[in-house]
Amino acid sequence: MRFPPARIQPSAEHHWRSLPAAQQPVWPDAAALDHVLRELSSYPGLVTAEDCDRLTSRMAEVARGEAFLLQGGSCAETFADSSADRVGALAALLSDMADVVAEASSLPVVTVARMAGQYAKPRSQQNETRDGVSLPAYRGDAVNGREFTPAARTPDPVRLLESHRSATTALSHLRVVRHGRSDVFVSHEGLLLDYESALTRTDPRGGRRYAASGHMLWIGERTRDLAGAHLAYFADIANPVAVKLGPSATPGMVVSLANRLDPHREPGRLTFIARMGADKVRDVLPALVMAAESSGSPVSWVCDPMHGNTVVSPSGRKTREFSSVMEEVRGFFEVHRALGTHAGGVHAELCADDVTECTGGLQRISDADLARRYETACDPRLNAAQAREFAARLSELARVNGNDRRLETPWRGIPSLLREVP
Ligand code: PEP
Ligand code: CO
């Protein structure tokens, strides 16, 4: 069932607008933004409430250890990525990876692309400086252009309308390529609250509100402030949602996030995406998993082995070494095995091209190779060969995990875990 046009919900709208919203663009023309948001509110939702609910059910299987999540795509999706070729190539790669993991783990794989909406990026620096010239940082195609010119880098709200159009295009190509195959859901970071709000729709079946911009949205590491606008917006929508957790996350924060985002303890509603770094995951993750267990929220745990392992190479490029990526996944599985909880899935930045952005893997991509095809609009991605290798290695870990599941390892209770995990 299609969503009817947006109805203004003053209370929820007011709520997040009254709170600090991190990482929002500084739009130079408030009237132009207002005009665009009004327009966007009249556009059709990109996904249906039924499909969002279907993903919630699938994520409930992930939380119970009865399915495995494979989430992946570019760090920053560009408008050019919505072409039939590019959508088809990423969908085919994810589908092949899912087959490998499903076969090894004997678990169904839930495939969620970072696609049809991953157009906005949080940045650690407001500005980028090159040769003494400082311009606003690139914040994703939804906000400004990559080209290093004042015109391209000035935030332009018309890009929010182009985001809707590109997402519509990507989704229609995705429907064609997945025809007859299993579902591919779409996800993105719910960063730009003006965009998300303008695309929030009320489900005609039951009155619940949904972000109609994608099936699953996540809150990034830089915007998970409990008192911030992102939490308030996410608490108000009924989609399955995720939160990235970096090494500074605390057990108390995990419990607060579970209480805010999953007050009804709804299976499939909440996923935590741990992005700790290969050297920290074994130390930091156990207490967070235990905290989630103690909260009573039936969360899923997913490993993002990319964002905690970003380094600057000797030649000065942002990269990730394949062995560090795999090491974080290994640590993630080990933690869950030790705790008797489920390693629910992975979240990776990857693409179907033969790019050279991450070092290592069977192709032995070196620092010197990075210059050859370094094309990412933001963070370095696994190329197609590295992504396949990732799936193969993952399937070895998931096979062990699957055996564990068949042993039906019972949840042994927090006190015994506290003794076992220092
Ligand atoms: C991302 O997923 O591209 C990202 C910015 O991640 P994080 O919020 O975990 O840093
Ligand atoms: Co990224």
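Using DSSP, restrict attention to beta bridges with both residues in the chain and report what percent are antiparallel, rounded to the nearest 5.
Expressed as a percentage, antiparallel bridges in the chain total about 25.
Averaged per residue, what accessible surface does segment 9-420 expose to a 1.4 Å probe, in Å²?
38 Å²
Pulled fully out, how much extra length does the chain show between Ala235 and Ser134, if you take 0.36 nm times their separation in residues and subtract their Cα-Cα distance?
32.7 nm
Using a 1.4 angstrom probe on the protein heavy atoms only, line up Tyr119, Tyr43 by accessible area, largest first.
Tyr43, Tyr119
Going by a ≥ b ≥ c, the root eigenvalues of the Cα gyration tensor, does segment 205-290 fall in the rounded group (a/c under 1.5), the prolate group (a/b larger than b/c) or the oblate group?
Prolate.
Any chance you could run the full-extension gain for Asn127 through Ser256? It's 0.36 nm times the residue separation minus the Cα-Cα distance, nm to one decimal.
43.2 nm
Carbon-plus-sulfur fraction of the accessible area of segment 9-420, 1.4 Å probe, in percent?
With neighbouring chains kept in place, the figure for segment 9-420 is 52 percent.
Once amide H atoms are built 1.01 Å from N in the peptide plane, which residues 5 or more positions from Thr271, or in another chain, come under 5 Å H to H?
For Thr271, whose amide H was placed from the backbone, the distant partners under 5 Å are Val241, Ala242, Val243, Ser300.
Taking the Cα atoms of segment 9-420, what is the range of coordinates along each of the three principal axes, in descending order and whole Å?
Per principal axis, max minus min of the Cα coordinates gives 60, 54, 44 Å.
Tell me, what ³J(HN,Hα) does each residue in segment 361-374 have, in order and in whole Hz, if you take phi through Karplus 6.51 cos²θ - 1.76 cosθ + 1.60 with θ = phi - 60° and put x for Gly and Pro?
Once θ is set to phi - 60°, the couplings for segment 361-374 become x, 4, 6, 6, 5, 9, 4, 5, 6, 4, 5, 4, 9, 9 Hz.
Be a star and scan segment 69-110 for residues whose amide nitrogen sits under 16 Å from the point 7 Å along the Cα-to-Cβ vector of Glu162.
Backbone N within reach: 76-83.
Would you calculate, for the chain, the mean residue ellipticity at 222 nm contributed by helices, counting each DSSP H stretch of 4 or more residues as -39,500 (n - 2.57) and dividing by all residues, to the nearest 500?
-13000 deg cm²/dmol
What length, rounded to one decimal in nm, is gained on full extension from His179 through to Arg205, with 0.36 nm per residue of separation minus their alpha-carbon distance?
6.7 nm
Using alpha-carbon pairs under 8 Å, 6+ residues apart, how would you state the relative contact order of segment 139-296 in percent?
15 percent
Assuming R0 = 22 Å, can you tell me the calculated FRET efficiency for the pair Asp96 and Arg373, based on Cβ-Cβ distance, to the nearest 0.05?
In this case the efficiency is close to 0.60.
Express the relative contact order of the chain as a whole percentage, based on alpha carbon pairs under 8 Å and six or more residues apart in sequence.
20 percent
Hey, in the chain, which Cys have no second cysteine's beta-carbon closer than 4.7 Å?
Cys52, Cys303, Cys351, Cys358, each lacking another Cys Cβ under 4.7 Å.
The values are calculated or read from the model by the stated rules, or taken from the named source; none is laboratory data. Just so it is clear, the structure is predicted and the values come from calculations on it, not from any experiment. All Cβ positions, even for glycine, are placed from backbone atoms using ideal geometry, and neighbour counts span all protein chains on display. Remember, those area values only see protein heavy atoms, side chains included, never the ligands or the DNA or RNA. Shrake-Rupley method; radii C 1.70, N 1.55, O 1.52, S 1.80 Å.
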